[in-house]
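Heads up: the structure comes next, in structure tokens.
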Amino acid sequence: MVALDGTTMTVPDTSAILTRFTKQAGNHGGTGYPQVRLLTLVACGTRTLEVPPLCGWY
């Protein structure tokens with residue numbers, strides 16, 4: 001038996017990341033840090049990832 005699980009993680013705002021992904025818009029330019037959303041299938045008994053994660057950057 002598997003379950004669908006997801007989470008959001010904050011990543012550093014290094015120049016390498018910011019060349020591809022932007023910060024959230026704000027009144028005074030970009031604010032906060034870029035975030036990664038992770039969605040994957042997890043085995044209910046062992047809590048291991050069943051498939052490679054499907055990641056999107058927002």
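The values are calculated or read from the model by the stated rules, or taken from the named source; none is laboratory data. This structure is a prediction, so every number in the text was calculated from the model and none was measured. Please note: Cβ atoms are built from the backbone with ideal geometry, for glycine as well, and neighbour counts cover all protein chains shown. With ligands, DNA and RNA removed, areas are computed over all heavy atoms of the protein, side chains included. Shrake-Rupley method; radii C 1.70, N 1.55, O 1.52, S 1.80 Å.
Could you look through segment 23-40, keep only residues that are part of a loop (DSSP other than H, G, I, E, B) and at pLDDT 80 or above, and pick out the one that is surrounded by the most Cβ atoms within 10 Å (Cβ to Cβ)? Reasoning before the result, please.
Initial filter on segment 23-40 (part of a loop (DSSP other than H, G, I, E, B)): 23, 25-30, 32-34.
So of that shortlist, the ones also at pLDDT 80 or above come out as 33-34.
Details: Y33: 14, P34: 20.
It comes out as P34.
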Inset, instruction - Looking only at segment 3-22, decide whether some residue is modelled with pLDDT under 80 and open to solvent by less than 80 Å² (accessible area, probe 1.4 Å). - result: yes
